[in-house]
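Data block below; observations after.
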Amino acid sequence: MAQNSRPKPEFPAWPQFGEEERTGLVRALEQGQWWRIGGSEVDTFEQEFGAYHGTPHALAVTNGTHALELALQVLGVGPGTEVIVPAFTFISSSQAAQRLGAVAVPVDIDPDTLNIDPASAANAITPRTAAIMPVHMAGQMCDMDALGKLSADSGVPLIQDAAHAHGAEWNGRKVGELGSVAAFSFQNGKLMTAGEGGLVTFVDAGQREEAFLRHSCGRPSTDRYYFHKTSGSNFRMNEFSASVLRAQLGRLAGQIDIRERNWPLLSGLLAGIDGVQPQTVDSRATRNPHYMAMFRVPGLAAERRNRLVDALIERGLPAFAAFRAIYRSDGFWETGAPRESVESIAARCPHTEAVHEDTVWLHHRTLLGTEEHMHQIAGIVSETLATL
Ligand SMILES: *Cc1c(COP(=O)(O)O)cnc(C)c1O
C-alpha cells in the first residue's frame, strides 16, 4: 500500500473549548470593563489559578516571556548580573534575562530527564549570579530537592520556568509550594490557553505588589493623579483572556489524568523500539502534566532527525524537532551572552549537544487520545525509523 494512502490517526483537537469558555467570554463582554482595572475576571482567575497551585500570590500577565522577565526583575536581575539557564530550552528562558541587561549563562542538562543538571548549575555560580532557572521540561519537574539545596546553600534564588508545568507536583508539592517564584505561559499550544497569556506565582505578598506596579507602568491600581511609583511597562492581561483561562483551568485536572494514564503505555511501547529512548520519569515528579511526548534516538544527527520528523508528520503524527541549544541561535549572541565562544559552551554541555540533535516530540493532544492511539503512534514510529 502506498505510504500516503494509509489511514492517519485522528487525535483530539487542541485547543479544546465548550460552553464554559463561551459563557466566560460573554460574561466579560457584558461586564462593560474589558481591562483588569475595574473588571473582575483577571482578579478571580489569579485567585483560582493560585489556589490550584498552592499560593495566594499570583499575577496574570500578557504572556510567558513577560512572566519570566517580570519575575526576574523582582528578583533583582539587571545589568551586571547573571542568570543560569539550561542550554536546552525554549529561547524565552534566556531572552527574558537578556532583555533586562543581564547575562544568560547556559548549563547542561541530564540526558535522561532532559532537565537542568544541578551539578552543572552549581559549577556556573559566580558572585554575579542573581537567579537559577529550572525549566520543567515537558511538564516533568526538575530535581527540586537538589536545586532547593543549591539555592539555600548559595543564597541564589530559583525561578521556575513552568511554561510546561501547569498542575505539576514534586513529591506531592505544587509549583507554588516550593518556595520560589514560577512563571507560566498560556500561549496557544500550552496546557491551558487563551491564545496568549502568562502568569507569575510569587513567594510573598511584597513581591507580588512590586510586580503589580511594574506590570502596570509603575502605577498603583488606585492612583488618580498619574504618580508612577516604579518604572515598568504594560504587561496587563485583559478580561477576555482571563475569562477563557478560568474555563481552561476547569479542564486541566481531567486532561492531566488522561495524559498520565496514556504516557506509561506509550513510553513503554516506544522504549521497546530499537534505538528509541523516551524521556525518563523521575518518581519524585508525582504529578506530571505531560506537555510533550518526548523521545530520543541517541546517535541520530540533526539532519536525519529532521527527516524523521517530516516522515512522522507525513504519517499523521503532530511531530516536532526538539529545541535547538540556545547558544546555537544567532539571537542568543546579540545581547547578554557570556564572554565565551560557542565551542567552549558546547564543550561543557555535551548532553545538550546530543539531545538537541536526536530528540523528537509529539504534541500533547496525542496523549489525550485512546489506548489504540498509543499503539498506532508506536507502530508509526517503529515503521518510520526502520525505513529512514
Ligand atoms: C512557551 C515557553 C515560554 C514562553 O511563553 P510565551 O507565552 O510563548 O511567551 C517560556 N519558556 C518555555 C520553556 C516555553 O516553552
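Quick note: the coordinates plus some simple rules give every number you see, no bench work behind them. Bear in mind the structure is a predicted one, so any value in this text is a computation, not a measurement. Counting neighbours? That spans all protein chains shown, and the Cβs are built from the backbone with ideal geometry, glycine included.
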_I need the phi-derived Karplus couplings for region 118-129: 6.51 cos²θ - 1.76 cosθ + 1.60, θ = phi - 60°, integer Hz, Gly and Pro marked x._
x, 5, 5, 5, 4, 5, 8, 5, 10, x, 8, 5
*asked:* For a protection proxy built on the mean count of beta-carbon atoms within 10 angstrom, sort 204-215, 57-68, 330-341 highest first, please.
replied: 57-68, 204-215, 330-341
_In nm, spacing of pseudo-spin labels at Phe227 and Asp310 (7 Å Cα→C-beta vector)_ = 6.4
*Can you list the residues, at least 5 places off or on another chain, whose amide H is less than 5 Å from the amide H of Val105, using H built in the peptide plane?*
Val83, Ile84, Val85
_Net length gained if the chain between Glu209 and Glu177 were fully extended (0.36 nm per residue, minus Cα distance)_ = 9.6 nm
*asked:* Taking the number of other C-beta atoms within 10 Å as the exposure measure, put Ile377, Ile116 in order starting with the fewest.
replied: Ile377, Ile116
*With the dipole of the chain worked out from charges on the C-beta (+1 for Lys and Arg, -1 for Asp and Glu) around the Cα centre, which of Trp34, Trp361, Ser120 lies farthest toward the positive end?*
Trp34
_With +1 assigned to the C-beta of every Lys and Arg and -1 to the C-beta of every Asp and Glu, and no other charges, what is the dipole magnitude of the chain about the Cα centre in debye, to the nearest 20?_
500
*Which whole-number percentage describes the relative contact order of region 232-388, with Cα contacts under 8 Å and a sequence gap of 6 or more?*
32
*Okay, which of region 294-333 sit inside 16 Å, backbone N to the point 7 Å along the Cα-Cβ direction of Lys8?*
309-320
_Counting each pair of different Cα atoms once, what's the Kirkwood radius of the chain in Å, rounded to one decimal?_
21.6
*With a 10 Å Cβ neighbour count serving as the proxy for reagent exposure, in which order, fewest first, do Thr384, Thr286 appear?*
Thr286, Thr384
_lysines with Cα under 17 Å of Lys149, excluding same-chain neighbours fewer than 8 positions away_ = none
*So how do Cys142, Cys349 line up by other beta-carbon neighbours within 10 Å, fewest first?*
Cys349, Cys142
*Mind listing the long-range amide H neighbours of Leu114? Cut-off is under 5 Å, sequence gap 5 or more, other chains count too, H placed in the peptide plane at 1.01 Å from N.*
none
*asked:* Under the 0.36 nm per residue contour assumption, what length would be gained going from the current alpha-carbon distance of Trp333 and Asp153 to full extension?
replied: 61.7 nm
